[in-house]
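Trainee: Sharing a structure below in structure tokens format, with a few things to ask.
The values are calculated or read from the model by the stated rules, or taken from the named source; none is laboratory data. Computed from a prediction, not measured in an experiment: that's the story for all the values here. Virtual Cβ from ideal backbone geometry, glycine too; neighbours counted across all protein chains shown.
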Amino acid sequence: MTTNYGPLISVAWLSAIPVASIMGARKGRPTQGFVLGLLLSWLGVLLMGFVEPTDEVKIERLREQQRLVDRSPRSRNNNSK
């Protein structure tokens, strides 16, 4: 009796594409994530973990951190002294 693993392998391979795409989108590189997921499957997901975010994404993250610091109760107490 032979076992057909083709569909299982296809599902495992294709399931990496949206994961890599989402990782890429969070780093400002959605196309790169899609391509790596499509061509390299889970290895592409692993590689996306090491890709640096774009400068625009880095700047936006810093702005968001600054907004959170400005809204914190500690920063309000320090400003009132």
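Trainee: Select the helices (runs of 4 or more DSSP H) contained entirely in the chain, then report the ones holding at least 3 residues which are polar (S, T, N, Q).
Mentor: Those helices (runs of 4 or more DSSP H) span 73-80.
Trainee: Another one. Return the pair list, or none, for Cβ contacts closer than 8 Å from residues in region 60-81 that are within 25 Å of Lys27 (Cα to Cα) to residues that are at pLDDT below 75, at least 6 apart or on different chains.
Mentor: Val69/Ser75
Trainee: Tell me which residues, restricted to region 11-21, are β-branched (Val, Ile, Thr) and surrounded by fewer than 16 Cβ atoms within 10 Å (Cβ to Cβ).
Mentor: Val11, the sole residue that qualifies.
Trainee: Let me ask you something else. Would you point out which residue out of Gly37, Gly24, Gly33 is in contact with a Lys or Arg (Cβ under 8 Å, 6 or more places away or on another chain) and surrounded by 15 or more Cβ atoms within 10 Å (Cβ to Cβ)?
Mentor: Gly33
Trainee: Would you mind stating whether Arg67 is basic (Lys, Arg) and modelled with pLDDT under 95?
Mentor: yes
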